[in-house]
1. For K18, put the label point 7 Å out on the Cα→Cβ axis and report which residues of region 346-379 keep their amide N under 18 Å from it.
2. Can you give the net charge of the other residues whose Cβ lies under 13 Å from the Cβ of K44, counting K and R as +1 and D and E as -1?
3. Picking from A247, A102, A342, which is most flexible by a Gaussian network model of the chain using Cα springs under 10 Å?
4. If contacts are Cα pairs under 8 angstrom and at least 6 residues apart, what is the relative contact order of region 41-116 in percent?
5. From the phi of every residue in region 343-359, what ³J(HN,Hα) in whole Hz does the Karplus formula 6.51 cos²θ - 1.76 cosθ + 1.60 yield, where θ is phi - 60° and glycine or proline is x?
6. Once both axes come from the Cα atoms, what is the angle between helix 257-271 and the longest principal axis of the chain, in degrees from 0 to 90, rounded to 10?
7. Counting only protein heavy atoms and a 1.4 Å probe, tell me what percentage of the chain's accessible area is made up of carbon and sulfur.
8. Please compute the alpha carbon radius of gyration of region 128-264, then divide it by the globular-protein estimate 2.2 N^0.38 Å. Two decimals is fine.
Amino acid sequence: MFCYLDNSATTQVSQKVKEALLNSFEAGFYNPSSLYAPAVFVSKEIEKCREDIKALLNADNLYFTSGGTESNNIAIIGALQGMRDKGVVLCSQIEHPSVLNACKRAEELGFTVKTIPVDSEGVINLDKFKDLLSDNVRLICVMHVNNEVGSIQPLREISALRDSLAPNALLHVDGVQAFMRVPIDLRLLKIDSYTLSGHKIQALKGIGALAVSKRNRIKPLVYGGEQESGIRAGTENTFGIFSLQAAVKNYAMENQMRSNKLLLFDKIKEQIPTATVNGPDPTSPKACDHIINISFEPVRAETMLHALEGDKIYVGNGSACSSKRKSISHVLKAMGVSVTRAESAVRFSLSPDTTAEEVLYAAERCAIHYNILKKFVRR
């Protein structure tokens, strides 16, 4: 049985997206900046996709990009480079590398970067966050759903504290693992920028978007034409945008991801009682529907990953952008997870297409491999 459980890294392109792309190869290859009718049609379709996503997010403005990494960089560096008064940038300890490294660039621009601690579940510690807030804070970076452990951040409380103690600070949210899976209202929460990526929701790689509030005066990072209101120059990725449009339109909002995730966890715990969850309790409202991170001590994650690969079960061992690292996950380290437990952590991430049969098969094979592999671990 083929069993793909690494959907936080990337997703399979859906059949509906494939069909939309086949149509667009004929009618959608035109440059949207051209003035003849077929190109104008393409331009109108791009704007329709933009308006559809803006409505989903309740966003003021939306710009298409190449994905989450570019969106995060524009949101952070593009916002800061237009500020005359240098101050403090706050960034949670568990952000994606595209946010963490953009914040390193902020230091080069003259800003002071401070990290926001998280608790043992991978959730922002609101008391410590409150202590970091002041009139000198210029930008706050907090992801919506963590890509490694699936913790949902308390954005309502974070926004309220910002409004009270640092009202002029911009609030940036990396929504790559949340878009279409966790509801969000950007105007209601006064979020100033929000990122999304198409290949996490069954669209093509190379397409994403950045939502921006009216008060956020972002500067472009790349200069050229006036595409995307000058924020993101370059001929639009029409095929990518059409794939995103189809993915959003056809995404299965009603699905079995949460029940299948809980089924996976229950069956693993039933057969491997020592298996430990990293992150929120799977049943908690702090836990997203599609990600669960489990340690199989003393078996190392890489060993378990390759054993499962032999069964055509594909899982992850952290962020796809840093899964080849030699050190332990910075997310698990920030949560206070021990080194041996972190080295045994496997991430399972589901899609709306994941079936109960697939997760039962995965749980069964995890147990079989664990009982064999644990005997060969050096003491």
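1. Residues passing the 18 Å test: 351-355.
2. Net local charge, K44 excluded: -3.
3. A102
4. Once divided by the residue count of region 41-116, the mean separation gives 28 percent.
5. 5, 9, 7, 10, 9, 10, 9, 9, 10, x, 8, 5, 9, 5, 4, 5, 6
6. So the helix axis and the longest Cα principal axis differ by about 20 degrees.
7. So the carbon and sulfur contribution to the accessible surface is 51 percent.
8. 1.19
The values are calculated or read from the model by the stated rules, or taken from the named source; none is laboratory data. Note that the structure is predicted; figures quoted are calculated from it, not measured. Note that each Cβ is placed from the backbone with ideal geometry, even for glycine, and that neighbours are counted across all protein chains shown. Accessible surface is based on the protein model in full, side chains and every heavy atom, while ligands, DNA and RNA are left aside. Shrake-Rupley method; radii C 1.70, N 1.55, O 1.52, S 1.80 Å.
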